[in-house]
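Enquirer: Handing you a structure now.
What follows is calculated from the coordinates using simple rules that are stated; it is not laboratory data. Here the structure is a predicted model, which is why all the values come from computation and not from measurement. All Cβ positions, even for glycine, are placed from backbone atoms using ideal geometry, and neighbour counts span all protein chains on display.
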Amino acid sequence: MTTAQIALLLGSAVAAGIMNALAGGGTILTFPALLLAGVPAIQANATSTVALVPGAISSLAGYRREVGAHRQWLTRLLIPSLLGGALGSVLLLLTPERIFARLAPYLVLFATLLFLFQIVWSRREAGTAGGERTSWGLASLAQFFVAIYGGYFGAGVGILMLVILGFLGLTDIHAMNGLKNFFGICINGVASAWFIFKGVVIWPLALLMMAGAIAGGWIGAGFARRIGKEKARIAVVVIGFGITVVLFLQRS
């Protein structure tokens, strides 16, 4: 592997860690980077998934105060995240990933538009009844299907989870990001275990990218807090539209 390829993989992992801390979508950087480095698609997807888990843990540590204030959310959506992530990872190794890759731009665009709508709606509700809505049955079902997508391919899965949290009534973007990272760890953790068991992870590359993702995850959590809640929300929308464009360009 050349120095340029090593720099590409490390740089994409750092940027992915930052993106995942802000909104999600880091996979869309690491997956193409691995492809450019000559890694086959299935192995690239699996290696990317494993590499980004430590970065999500690093980012979660940066949001620990906000997550600690919403402990009930962790237990309510934990099982759907684990089950969906497991099913998605099994499907990845049974079917070509191009099926979900073709759907990815539409899913991310739809999720970004929903998140944008949720921002506007939360502003309209400011000062009124407010509070968290707890439609846990519907949220659990939605989280299960999002987790399937996350275990299978995962580009933009963070934004989809932000949509679920937003429509449940959570408005603190930092708490939303922390919870999203926790569920992302659950989804990708169980998927990673399956990929490792099946021997499709390229470990030298995964370890290299882990280092970058850890640094990026910590930087991203601090950056989101410094720029404030409103700017962090805007960053989520910008990242969502950016990921959508990249995904559509990849299809052309």
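Enquirer: Quick one: angle between helix 27-36 and the longest Cα principal axis of the chain, in degrees between 0 and 90, rounded to 10, please.
Expert: 10 degrees
Enquirer: Okay, next question. Could you give the size of the charge dipole of region 48-107 about its Cα centre, using +1 on the Cβ of each K and R and -1 on the Cβ of each D and E, expressed in debye and rounded to the nearest 20?
Expert: 140 debye
Enquirer: What length, rounded to one decimal in nm, is gained on full extension from VAL238 through to GLN72, with 0.36 nm per residue of separation minus their alpha-carbon distance?
Expert: On the way: separation 166, 0.36 × 166 = 59.76 nm, distance 2.97 nm.
Stretched out fully, the VAL238 to GLN72 stretch lengthens by 56.8 nm.
Enquirer: Related question: Can you show me the helix-derived [θ] at 222 nm for the chain, built from DSSP H runs with n ≥ 4 at -39,500 (n - 2.57) apiece and divided by the number of residues, rounded to the nearest 500.
Expert: Using -39500 (n - 2.57) per qualifying helix, the result is -28000 deg cm²/dmol.
Enquirer: Computed from the mean reciprocal separation of all distinct C-alpha pairs, what Kirkwood hydrodynamic radius does the chain have, in Å?
Expert: For the chain, the Kirkwood estimate is 17.6 Å.
Enquirer: Report relative contact order for the chain in percent, whole number only (criteria: Cα-Cα under 8 Å, sequence separation at least 6).
Expert: 42 percent
Enquirer: I would also like to ask the following. For the residues LEU93, LEU138, LEU82, what sequence is obtained by ranking on other C-beta atoms within 10 Å, fewest first? Show your work: numbers first, answer last.
Expert: Numbers: LEU93 15, LEU138 11, LEU82 19.
Least crowded to most crowded, the residues run LEU138, LEU93, LEU82.
Enquirer: Name the residue, out of ILE148, ILE234, ILE18, whose mean-square fluctuation peaks in a Gaussian network model built on the chain with Cα pairs under 10 Å.
Expert: The residue that fluctuates most here is ILE234.
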